[in-house]
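Quick one: the structure is below, and I'll ask about it shortly.
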Ligand SMILES: CC(C)(COP(=O)(O)OP(=O)(O)OC[C@H]1O[C@@H](n2cnc3c(N)ncnc32)[C@H](O)[C@@H]1OP(=O)(O)O)[C@@H](O)C(=O)NCCC(=O)NCCS
């Protein structure tokens, strides 16, 4: 059994924080941020706006887009690293907010910025086993919660938002989530982590070096496994951490610039929501079209990394 994509939705908080807004509150510049990261603006949730709130709106929009009701979903998987509460899971809170009455299960995965690939990996396994019929995969983050305002090297990098994708089981193995690979290496725990007082700590240059190697590694694995090359892929949608990482990784894999989807300029790094938000943006703007093949690599704290191959 395979799957097919039947709906998508996203939510970005109203408040937009530009590089110029950062210039007013810390020793940084639009020029530095654009040159080093490609970021121009990011969305920040209101203080009273939670990961669950954002995930719920994205999920509702995805249900509307798929033209189904919440009780047609039989599993929800949420990728998030920034839930405000330890339990219950964001997934079950979303099911509650949407009024589900069919006892569909829901759970969260914590894969940092690779979280949405981990979630897709789980969804693929359930479809392959024939265990579930419609699975909603959500990525939702309030990374602004973790910002250390005294650290300009990380404060400017992150944003908030949520995206949701709904997949339905299918007899075709060439549509929906065709393949996934996920990996982790706990040898570099201090390269990028959250402190006990909820701040981001990162060795930027080391993280950069790992990202430009590991994302292409996962993407290459997927292409080899599927017996395809960059020529067969319509779009590469990498985790939106940094424009230089995106471009150098994609070029290493032989992708021309016009096949690389970039949203990091508008959303910054939304961690586990990044790829799902990016896909939703591409659908909303008619950039990625139905039937196209998307290569979807990601990298994050852990270290974690992985990739998915999706026919949308
Ligand atoms: C964070 C990152 C943009 C920094 O760029 P860099 O070229 O590596 O910069 P460095 O950390 O070497 O710092 C260079 C200088 O810029 C300064 N700097 C750091 N942040 C700054 C900011 N926001 N504004 C202005 N200057 C800044 C540093 O203090 C340093 O100054 P110095 O040379 O006087 O000491 C880059 O390392 C990166 O993108 N890393 C990967 C991050 C990532 O993707 N994380 C998420 C993974 S999911």
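What is the packing order of peptides 287-298, 265-276, taking the mean over residues of other C-beta atoms within 10 Å and listing the highest first? If you can, show how the numbers build up before the last one.
Details: 287-298: 20.0, 265-276: 29.2.
Result, highest mean Cβ count within 10 Å first: 265-276, 287-298.
Tell me, what does the Kirkwood hydrodynamic radius of the stretch 94-172 come to in angstroms if you use every pair of distinct C-alpha atoms?
Values: mean 1/r = 0.0676 Å⁻¹.
Evaluated over the stretch 94-172, this radius sits at 14.8 Å.
Using 18 Å as the cut-off for backbone N distance, which residues of the stretch 164-179 belong to the label zone defined by a point 7 Å from the Cα of residue 128 along Cα→Cβ?
Taking a point 7 Å out along Cα→Cβ of residue 128, the residues of the stretch 164-179 whose backbone N falls under 18 Å are 167-179.
Then there is this: Can you tell me, using C-alpha contacts under 8 Å and at least 6 residues apart, the relative contact order of the chain as a whole percent? Walk me through the intermediate numbers first.
On the way: 799 pairs, mean separation 81.4, N = 312.
Dividing the mean separation by the residue count of the chain yields 26 percent.
Where does each of 15-24, 41-50 land if you order them by average Cβ count within 10 Å, highest first? Please report the intermediate quantities before stating the final value.
Working: 15-24: 15.3, 41-50: 18.0.
Peptide ranking by packing, descending: 41-50, 15-24.
For the stretch 38-108, what is the convex hull volume of the alpha-carbon atoms per residue, in Å³? Intermediate values should be presented prior to the final figure.
Values: hull volume 8.1 nm³, N = 71.
Dividing the Cα hull volume of the stretch 38-108 by its residues yields 114 Å³.
With only alpha-carbon atoms in the gyration tensor, what are the semi-axes of the equivalent ellipsoid for the chain, in Å, largest first? List each step's numbers first, then the result.
Values: eigenvalues 156, 108, 59 Å².
Equivalent ellipsoid semi-axes, largest first: 28, 23, 17 Å.
If you restrict to DSSP beta bridges whose two residues both lie in the chain, what percentage is antiparallel, to the nearest 5? Could you put the intermediate results ahead of the total?
Values: 41 of 54 bridges.
Of all bridge pairs located within the chain, approximately 75 percent are antiparallel.
How high is the FRET efficiency between residue 20 and residue 150 when r is their beta carbon distance and R₀ equals 22 Å, given to the nearest 0.05? Mind showing how you got there, number by number?
Working: r = 20 Å, r/R0 = 0.91.
Efficiency, rounded to the nearest 0.05: 0.65.
From the P(r) of the stretch 79-214, can you give the percent of Cα pairs sitting at distances over 19 Å?
Values: 5402 of 9180 pairs.
It works out to 59 percent of all Cα pairs.
Also, I was wondering about something else. Per residue, how big is the convex hull around the C-alpha atoms of the stretch 2-170? Give it to me in cubic angstrom, could you?
Details: hull volume 19.5 nm³, N = 169.
That works out to 115 Å³ per residue.
What number do you get for the stretch 148-208 when its Cα radius of gyration is normalised by 2.2 N^0.38 Å, N = residues?
On the way: Rg = 17.8 Å, N = 61, 2.2 N^0.38 = 10.5 Å.
This ratio for the stretch 148-208 stands at 1.69.
Something else: For the stretch 176-311, just list the percent of Cα-Cα distances falling in each 5 Å bin from zero outward, please.
Each 5 Å bin holds this share of Cα pairs: 2, 10, 21, 24, 21, 11, 7, 3, 1, 0.
Can you tell me the relative contact order of the stretch 176-311? Whole percent, Cα pairs under 8 Å, sequence separation 6 or more.
39 percent
Normalised by the number of residues in the stretch 2-170, what is the relative contact order in percent for Cα pairs under 8 Å and 6+ residues apart? If you can, show how the numbers build up before the last one.
Values: 356 pairs, mean separation 59.2, N = 169.
Rounded, it is 35 percent for the stretch 2-170.
How large is the convex hull of the Cα atoms of the stretch 1-74 per residue, expressed in Å³ as a whole number?
About 142 Å³ per residue, rounded to a whole number.
Give the distance, in whole Å, between the Cα centre of the stretch 103-152 and the Cα centre of the stretch 250-312.
If you average the Cα positions of each part, the centres end up 15 Å apart.
In whole angstrom, note down how far apart the Cα centers of the stretch 167-225 and the stretch 61-86 are.
Taking the Cα centre of each part, the stretch 167-225 and the stretch 61-86 sit 22 Å apart.
Laboratory data are not the source of any read-out in this text; all were calculated from the coordinates shown. Note that this is a predicted model, so its numbers are computed, not measured. Neighbour counts are summed over all protein chains in view; Cβ atoms, including those assigned to glycine, are modelled from backbone coordinates with ideal geometry.
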